[in-house]
Amino acid sequence: MEGCLFCKIIKGEIPSDKVYEDDEILAFKDIKPAAPIHILVIPKKHIDSLAQLEKQDEALIGRIYGVINKIAEEQDFLDKGYRVIVNCGKDGGQEVMHLHFHVLAGKELGGKIVG
Ligand code: 5GP
Ligand code: ZN
């Protein structure tokens, strides 16, 4: 989508530190890491947010979780643990309007909101 930061990263117009890529999904390091490991996993298809998800996108979201686990295994935090966060919309604190999954790992994560 025109003007979308993450679409520009997908097209290579803005550089990123990629950790995984296939024809549907891209993962790259967050520019401002909130943990020792902070990776963003995004669909290459532009979807504004979780709230805009359509029925036909549901399999893709399932694949994203599979990719997250593949990265976790490769980067050796599958067993140690990690947190996956999706901010959605204004109240959810979403700043970049291209659906993305934050993957945080590499230390015992504090700041639990739920649980
Ligand atoms: P949100 O607040 O929308 O859930 O998260 C957006 C995330 O994108 C933030 O964690 C922010 O640090 C990251 N981010 C913003 N601009 C860039 C960029 O140009 N490159 C990378 N790699 N990450 C970015
Ligand atoms: Zn986009």
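Kindly list, by first and then second residue, each pair from a residue in segment 78-96 that is assigned to a loop (DSSP other than H, G, I, E, B) and among the charged types (D, E, K, R) to a residue that is modelled with pLDDT of 95 or more and more than 9 Å from ligand 1 (Cβ to nearest atom), limited to pairs with Cβ atoms under 8 Å and residues at least 6 apart or on different chains.
LYS80/ALA105
Tell me which residues, restricted to segment 97-106, are under 12 Å from the mean Cα position of the chain (by Cα), part of a loop (DSSP other than H, G, I, E, B) and within 14 Å of ILE39 (Cα to Cα).
LEU99, HIS100
Just checking, which of LEU53, LEU40 is within 15 Å of ligand 2 (Cβ to nearest atom) and more than 24 Å from GLY12 (Cβ to Cβ)?
LEU53
Is it true that SER16 is of a type in the set (S, T, N, Q), in contact with a Gly (Cβ under 7 Å, 6 or more places away or on another chain) and surrounded by 13 or more Cβ atoms within 10 Å (Cβ to Cβ)?
The answer is no for SER16.
Taking segment 1-46 as the region of interest, how many residues are part of a strand (DSSP E or B) and either β-branched (Val, Ile, Thr) or more than 9 Å from ligand 1 (Cβ to nearest atom) (or both)?
Number of matching residues: 12.
Determine which member of the set TYR82, TYR65 is at pLDDT 95 or above, exposed (fewer than 15 other Cβ atoms within 10 Å of the Cβ) and of a type in the set (Ser, Thr, Tyr).
Every option except TYR65 fails the conditions.
Just to be sure, is PHE6 buried (at least 16 other Cβ atoms within 10 Å of the Cβ), under 19 Å from GLY92 (Cβ atoms), within 16 Å of ligand 2 (Cβ to nearest atom) and among the aromatic types (Phe, Trp, Tyr)?
Criteria met by PHE6.
Can you tell me which condition ALA27 does not meet? The list is (1) within 17 Å of ILE9 (Cα to Cα); (2) within 14 Å of ligand 2 (Cβ to nearest atom), and all the others hold.
(2)
I'd like the full set of residues that are surrounded by fewer than 16 Cβ atoms within 10 Å (Cβ to Cβ) and within 16 Å of ligand 2 (Cβ to nearest atom), limited to segment 89-102.
GLY89, GLU95, VAL96, listed by residue number.
The values are calculated or read from the model by the stated rules, or taken from the named source; none is laboratory data. Computed from a predicted structure; not experimentally measured. So basically every Cβ, Gly included, is an ideal-geometry build from the backbone, and we count neighbours across all protein chains shown.
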